[in-house]
1. Could you check what % of the DSSP bridge pairs in the chain are antiparallel, to the nearest 5?
2. Would you mind calculating the relative contact order of region 82-135 from Cα pairs under 8 angstrom and at least 6 residues apart, reporting the percent as a whole number?
3. How much length would be gained if the chain were fully extended between residue 106 and residue 157, taking 0.36 nm per residue of separation minus their Cα-Cα distance, in nm to one decimal?
4. Arranged from highest to lowest average of other beta-carbon atoms within 10 Å per residue, in what order do the peptides 154-160, 278-284 appear?
5. Can you give the convex hull volume of the alpha carbon atoms of the chain per residue, in Å³?
6. Calculate, for residue 37 and residue 216, the FRET efficiency according to 1/(1 + (r/R0)^6) with r their C-beta to C-beta distance and R0 41 Å; round to the nearest 0.05.
7. Give or take rounding to whole Å, what are the principal axis extents of the alpha carbon atoms in region 185-306, in descending order?
8. How do 287-295, 137-145 rank on mean C-beta neighbours within 10 Å, highest first?
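Coordinate-derived values only; no laboratory data. Given the structure is predicted, the values throughout are model-derived calculations rather than measurements. Reconstructed Cβ throughout: ideal geometry from the backbone, glycine too, with neighbour counts over all protein chains shown.
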């Protein structure tokens, strides 16, 4: 081992973007508490997956990660780092050789970690020991596509700094269960505040109808294809506050479920609000996934599972893979 020469700086803890994918963003727990300033919460759409990825590399739950969208991404660290690829199952390679999905691994300096396109689901998460250490804005490193706050989506050759490695790195090689992307997305809905703007029986028809996730969905909202809701009150509202999970109904009558980058105000009526615990499944539902809205009571608020298809387990064949 050769000693470092005097005055030679140590290798920088950073990642170089090799392949940015279709849409890869930096995300953390978001910036709640600024809706009165018109700033959305933002943050990882699949919060449980991002938190689990962070735990596996020894980070705190709010450390910044990379969130990919369908197409994956590839990065090259400048120093050795413990990393994990989780969330939507995908093929993982390290310098072109197969590597495990959902399991922490050591990535050597200069090696290329490639998370391939999602085999199931939509959003994969890449966590690195120390977290992605871009400059915070309003206390968060999250990319907000609506307001433009935070770092821009990844571009080739961009350099992303990493924070200091945690004192106890993740348990390399340990396997844990990851929630599977939903085969059918079940969204528990609390009526209101404007359900009375719709024709009598509209809520019953909403619960009885079958929808599918639209390809027009994004980080702002989950759009669905299916029967429209008939209005009883014409016109639009003055802009009023919108919350995470609000189900807004635009003029075409098809519900839109607001996700992390949603606007903080809006003038279309809100027929109900989806339970926040169900939004992680919405983040992983690809276009064409069947969607059902179901009523929820306080007693049943936490009873529905995130997905109907069980779990994926590291060390087993990736669902959809060969």
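1. For the chain, the DSSP antiparallel bridge percentage is about 90.
2. On the way: 101 pairs, mean separation 24.9, N = 54.
Once normalised by length, the contact order is 46 percent.
3. Full-extension gain reported as 16.2 nm.
4. Taking the mean over residues of other Cβ atoms within 10 Å, the ranking is 278-284, 154-160.
5. 140
6. Approximately 0.90, to the nearest 0.05.
7. Extents along the principal axes, in whole Å: 36, 28, 24.
8. On the way: 287-295: 17.2, 137-145: 21.7.
Per-residue mean Cβ counts within 10 Å order the peptides as 137-145, 287-295.
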